[in-house]
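Report on the following structure.
Taken together, the values in this text are just the output of simple stated rules run on the coordinates, not laboratory data. For clarity, every value in this text was computed on a predicted model and none was experimentally measured. Here Cβ is always computed from backbone atoms with ideal geometry, including for glycine, and neighbour counts include all displayed protein chains.
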Amino acid sequence: MPTHTVACPDCDLLLAYSASLARHTLRCPRCGCMVHRRADTSVDTALAFSITGLLLYIPAMVFPLMTLETLGMSESGSVIDTLICFYDNRYYFVAFIVLISAVVFPLLLLSLIFTVTMFARMGRYPSFLTRLLRLYVFLEEWAMIEIFLLGIMITIMKMRHSAEIHFDPGFYCFLALVLTTMAIATVLDRERLWALLSPPGAAVSVPSPPANAGSSGRTALASGLVLCHVCRQLERRRPPAAEPGRCRRCGATIHDRKPDSIAYTWALVLTSALLLIPANILPIMEVEFLGVPENSTILDGIMYFFKDGSYLIGLIILTASVFVPVFKIIGLIILLLTAQTNNTGYLRSKTVLYRFITFIGRWSMLDIFVIALLVVLVDFGFLTSIHAAPAATYFCIVVTSTMLAAKTFDARLIWDNHRQAACEAIPPLPVAKEAS
Ligand SMILES: [Zn+2]
Ligand SMILES: [Zn+2]
């Protein structure tokens, strides 16, 4: 049976899997990372979803999402309106983050997948397609329309007592757009696409790791190999003094470990920790009622839901806006100290922590999206209106810098000093767990 060799992106362990299985998942026995998932869905399915997404995009962005009605006055707003409001209020950084995460990147990702799968369907593989797919992998986590959708739901819960809410066509298009992009992420068989786009001779012949090496097997680095973090191809390691090489399959620059990972991550974590203070102390929005302005901090917003009896919504915002940023900062500090002190305790749990931090990071944008919608929808002139306040910018920087910190951290660093003793503590497993 032909086998492929891959390295675990989180702990660098070399793993083999049989190439002939159509549908399977491959989990690293050492750190538990899902190394490889073969969906066996055709390129046509992803193409069909990308066309659907592109058709839904304009109405989802431009048409009003919903209308709020109170005392005979009504106000409606679209996704684009939320940007314009932040821009008009001179919250340029927040407007920029909402622009890229809710408007530009979702369109870009749909267009990239459409182009790549369209060419693949025609059986043509020009060299620029690898660059497009690389861009898709790079930008994927920065498109946040599903979080925007949750923001819409929370806005509805918040406003349901004070105004009558009607859903407009934009909402249904937006909902369908979110479902379509989620479907693309599920059906996209990246390994197959990379294999299709791979230029001839790009594959590096790699010896399979010894059978039954399990969790105490060799790492890619120790075997003179290095993993491409974009397309997950193994390349031969360059001599330490040489210029960093490029992946022959996707063209990404390859480093043994992410360069200056520890220094960059510390800088970003400390920035987030510092800015988290003004983000929580300063008001995040200003509610004006009959001309009297009242400031509201993140915690005030949460208390509103608890007093209102909406405990679930209060808990969701409390988790996304307070617990998640604090948890991420503490978690990243633990990971940084582990990498710097060569600590070998609980490495598997710490790698799970790293994956969790990477996964939850984007969800903190929820509060920003809720404020964006409230500012647009609650604008009833003298009666009542809502504006963004300074903490919105600080909070937005905290979210982006913690996301960047999780990106710059290289989880393999905590495994690099993993001694044999620690290896033996974990019972040896077969080469890799494969589930058909
Ligand atoms: Zn691993
Ligand atoms: Zn690559």
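For this structure, a couple of remarks:
- Of Trp415, Phe289, Leu337, farthest towards positive along the dipole that unit charges on Lys, Arg, Asp, Glu beta carbons give the range 258-421: Trp415
- Rounded to the nearest 20 debye, dipole of the chain from Cβ charges on Lys, Arg, Asp, Glu: 2320
- Spatial separation of Cα centroids for the range 72-92 and the range 250-287, in angstrom: 28
- In plain terms, if you count all Cα to Cα distances in the chain and split them into 10 Å steps from zero, the share in each step is 4, 19, 27, 24, 16, 8, 2, 0 percent.
- Across Gly291, Gly72, Gly331, mean-square fluctuation computed from a Gaussian network of the chain (C-alpha pairs under 10 Å connected) peaks at Gly72.
- 0 to 90° range, to nearest 10: angle between helix 43-62 axis and the chain longest Cα axis: 20
- Most positive-pole-ward Cα, Phe49, Thr393, Val375, against dipole of the chain from beta carbon charges: Phe49
- Between the listed residues Ala267, Gly123, Ser101, the Cα displaced farthest toward the positive end of the dipole of the chain, a dipole computed from Cβ unit charges relative to the Cα centre, is found at Gly123.
- Among Val376, Val187, Val292, the residue with the largest mean-square fluctuation in a Gaussian network model of the chain, with springs joining Cα atoms closer than 10 Å, is Val292.
- Structure-based [θ]222 nm, the chain - -39500 (n - 2.57) summed over DSSP H runs of at least 4, per residue, nearest 500: -16000 deg cm²/dmol
- Candidates Pro29, Pro240, Pro169: whichever shows maximal mean-square fluctuation once the chain is modelled as a Gaussian network with Cα springs under 10 Å: Pro240
- Helix 347-360 axis, angle to the chain major axis (alpha carbon atoms, nearest 10°): 40
- When Leu353, Leu175, Leu197 are sorted by how many other C-beta atoms sit within 10 angstrom of their C-beta, beginning with the fewest, the order is Leu175, Leu353, Leu197.
- Relative contact order (%) - criterion: Cα under 8 Å, at least six apart; region: the range 41-147: 30
- Helix 298-308 and the long axis of the chain differ in direction by around 70°, with both axes built from C-alpha atoms.
- Here the contact order of the chain, divided by its residue count and restricted to Cα pairs under 8 Å and six or more residues apart, works out to 26 percent.
- Fraction in percent of alpha-carbon pairs per bin - 10 Å, the range 83-237: 9, 26, 26, 20, 12, 6, 1
- Residues Met365, Met403, Met73 in ascending order of nearby Cβ atoms (within 10 Å, fewest first): Met73, Met403, Met365.
- Sorted ascending by nearby beta carbons within 10 Å, beginning with the fewest, Arg124, Arg27, Arg412 become Arg124, Arg27, Arg412.
- Assigned charges on the beta-carbon of Lys, Arg, Asp, Glu; the range 295-392 dipole about Cα centre (debye): 580
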